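Some notes on the structure that comes next.
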Amino acid sequence: MTKKRSVRLDDVAAAAGVHTSTVSRVLNNEADHRVSTETRERVLIAAKELNYHANAMARGLRTSRTHTLGIAVPQLDNPVFAQIIIGATAAAHSRGYDLLVSLVEDVSGESGVYERLAHNNRVDGLMVSTLEKDEVLVETLKRASVPYVIVNRKIRGVANCVAYDSFAAAKESTEYLLSLGHRRIGHLAGRLTGYNGTKRLAGYYAALNAAGIESDPQMVAEAGYTLEGGVRAVRSLLACKPRPTALLAATVLSAAGALKALYAAGIIVPDDMSVMSIHDVQIAEMLHPPLTTMRLPLQEMGRVATLGLVDLIEGKATVVSKLMRPEGLLIRASTAPPNNL
């Protein structure tokens, strides 16, 4: 059997009745060359009917680009990063790029990780949503020598960052628990050396101080961003006397760990203790009881970072910087007034 020849650019041009250069301009979405709407539609219909797929390798040789972006995340089983990836993937595809997802847990002993990701995989730019120390991350990204955008945190001295307002998210969450009547509110903190962890802690303290409640360091336990961390943090908070009547978790996975630990200790949520978290993902509805959350624009953050990175690559922008506001509370069954009211 003879191998069927793949559809080429000139096949699409013949079917549409135009020159191959016109097909190239339409399919590459080149804005600086005028093509009538009727001609554009004719080309797109012909390409679809012929099932034409651009040769990415050939295109890369012509343009010195691969039309591939990389995104590095520290956890693949964390639904927060999954939502960021979903938003980033849709945005990349809308601009004609593919997205390569890479798990990067720690680069402290592996300084060339982003350089290898950029050059071995030939990506045109990088988005990074990992947990390294700021100075380590910036140094390794510089060696990658491709445009990059930091996602889910801000770093002093780095212009290209897309994050959400962690301070506001924690402050508004704590204010909600205060409005229910809670006065002993424990905080399952994120990493207290990282951007989001410190901002959330500051927002939590700001809400307490505004309500005239003296902050108690014993009410803060570092849980990080894992279920196991939430279990450990709750066990330490339960040893406090008096113990908290409500818990604010920095993320949904540590909140799930909190619910697990409270159930094991015979503490009923929300009758004996309320629990809520920052971040709203589908798992929050599946927990028992369903978890009250502060919604954050995770998919939108991935989308904005990706479109900004493409603009950097294509010379349409010089800076990508945005701080995104929380989207409001989703009140579910895990929170209630303290039972002594």
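The values are calculated or read from the model by the stated rules, or taken from the named source; none is laboratory data. Only a predicted model underlies this, so the values are computations on that prediction, with no experimental measurement involved. Positions of Cβ are backbone-derived with ideal geometry, glycine not excepted, and every protein chain shown enters the neighbour counts. To get the accessible areas, we keep the full protein, side chains included, count just its heavy atoms, and leave off ligands, DNA and RNA. Shrake-Rupley method; radii C 1.70, N 1.55, O 1.52, S 1.80 Å.
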The condition from (1) open to solvent by less than 70 Å² (accessible area, probe 1.4 Å); (2) assigned to a loop (DSSP other than H, G, I, E, B); (3) hydroxyl-bearing (Ser, Thr, Tyr) that Ser277 misses is numbered (2)
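Quick grid of which residues meet (1) touching a residue at least 40 places away in the same chain (Cβ under 8 Å); (2) more than 23 Å from Pro337 (Cα to Cα); (3) touching a strand residue (DSSP E or B) at 6+ places or on another chain (Cβ under 7 Å):
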position: Leu178; (1), (2), (3): no, no, no
position: Gly181; (1), (2), (3): yes, no, no
position: Leu188; (1), (2), (3): yes, no, yes
position: Leu192; (1), (2), (3): no, yes, yes
position: Asn196; (1), (2), (3): yes, yes, no
position: Tyr204; (1), (2), (3): yes, no, yes
position: Ala211; (1), (2), (3): no, no, no
position: Asp216; (1), (2), (3): no, no, no
How many residues of the stretch 149-165 are free of Cβ contacts under 8 Å to residues at least 40 places away in the same chain and within 12 Å of the chain's Cα centre (by Cα)? The answer is 1
Among (1) surrounded by 19 or more Cβ atoms within 10 Å (Cβ to Cβ); (2) of a type outside the set (A, V, I, L, M, F, W, C); (3) in contact with a helix residue (DSSP H, G or I) (Cβ under 7 Å, 6 or more places away or on another chain); (4) modelled with pLDDT under 95, Glu132 falls short only on (3)
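If we scan the stretch 87-106, do we find a residue that is open to solvent by less than 20 Å² (accessible area, probe 1.4 Å), touching a Ser or Thr at 6+ places or on another chain (Cβ under 9 Å) and closer than 30 Å to Pro244 by Cβ?
no
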The residue that is surrounded by the most Cβ atoms within 10 Å (Cβ to Cβ), considering only those in the stretch 286-340 that are in a helix (DSSP H, G or I) and among the charged types (D, E, K, R), is Arg303
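Only residues that are in contact with a Gly (Cβ under 9 Å, 6 or more places away or on another chain), in contact (Cβ under 8 Å) with a residue 40 or more places away in the chain and not aliphatic (A, V, I, L, M): list them for the stretch 281-328, please.
Passing the criteria: Pro297, Gln299, Glu300, Gly302, Arg303, Thr306, Ser321, Lys322.
Let's see how each residue does on (1) touching a Gly at 6+ places or on another chain (Cβ under 9 Å); (2) open to solvent by 30 Å² or more (accessible area, probe 1.4 Å); (3) farther than 11 Å from Leu188 by Cα; (4) not in a loop (DSSP other than H, G, I, E, B):
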{"residue": "Ser215", "(1), (2), (3), (4)": "no, yes, yes, no"}
{"residue": "Glu228", "(1), (2), (3), (4)": "yes, yes, yes, yes"}
{"residue": "Val231", "(1), (2), (3), (4)": "yes, no, no, yes"}
{"residue": "Ser236", "(1), (2), (3), (4)": "no, yes, no, yes"}
{"residue": "Lys241", "(1), (2), (3), (4)": "no, yes, yes, no"}
{"residue": "Ser254", "(1), (2), (3), (4)": "yes, no, no, yes"}
{"residue": "Gly257", "(1), (2), (3), (4)": "yes, no, no, yes"}
